[in-house]
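Notes follow the structure.
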Amino acid sequence: MPEPVIQEETTGCGIASVANILGKTYAEMKKRANAMGIHASDPSLWSDTQHVRLMLSSAGMETSSQEIPFESWDSLPDLALLSIKHHREDDKDFWHWVVFRRLDGRPFVLDSASYLPSNIRTDFSAMHPKWFIEVKNP
């Protein structure tokens, strides 16, 4: 089981999720993101998918071109970014990024939120994804 990366900033879930996928530390991924003009202080990290797509593609990872509506945990690919905790502010959608993984047939979610008792989650009924982005090695 991988060691989960915890976000170090309020809007750092996208950076932490990409770090969880790439096997990087938060500090390493933040440095890479900042070099690309992506900063955790930018609240659009909660409402735009292009930041995580750019960070992943710069590391040689492919993502699905569109967000795919969530149907069931069983129908997810082996690796995906999930959007959970959807809410609207000033007519704009916001969410929290988490990573879904399936290793040796065992599904789990890496959630970077610092307040959780465990950042490796299997409490699937407590999470309510709206959509996901499939992540693949090229």
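The values are calculated or read from the model by the stated rules, or taken from the named source; none is laboratory data. Keep in mind that what you see is a predicted model, and the values were worked out from it rather than measured. Quick reminder, even Gly has a Cβ in these numbers, built from the backbone with ideal geometry, and neighbours come from all protein chains shown.
One table, with the values for the structure above:
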| quantity | calculated |
| --- | --- |
| Residue list for the stretch 1-47, restricted to those being under 12 Å from the mean Cα position of the chain (by Cα) and either of a type in the set (A, V, I, L, M, F, W, C) or farther than 23 Å from TYR115 by Cβ (or both) | VAL5, ILE6, CYS13, ILE15, ALA16, VAL18, ALA19, ILE21, LEU22, LEU45, TRP46 |
| Test: residue in the stretch 112-127 that is closer than 29 Å to GLY37 by Cβ, touching a Phe, Trp or Tyr at 6+ places or on another chain (Cβ under 9 Å) and surrounded by 12 or more Cβ atoms within 10 Å (Cβ to Cβ) | yes |
| Residue count for the stretch 100-138, restricted to those that are of a type in the set (Gly, Ala, Ser), assigned to a loop (DSSP other than H, G, I, E, B) and under 20 Å from GLN7 (Cβ atoms) | 4 |
| Among (1) of a type outside the set (Lys, Arg); (2) without any contact (Cβ under 8 Å) to a residue 60 or more places away in the chain; (3) surrounded by 19 or more Cβ atoms within 10 Å (Cβ to Cβ), the one test that VAL98 misses | (2) |
| Within the stretch 8-37, considering residues that are surrounded by fewer than 24 Cβ atoms within 10 Å (Cβ to Cβ) and of a type in the set (S, T, N, Q), the one farthest from THR63 (Cα to Cα) | THR10 |
| Residue list for the stretch 84-117, restricted to those being at pLDDT below 95 and polar (S, T, N, Q) | SER114 |
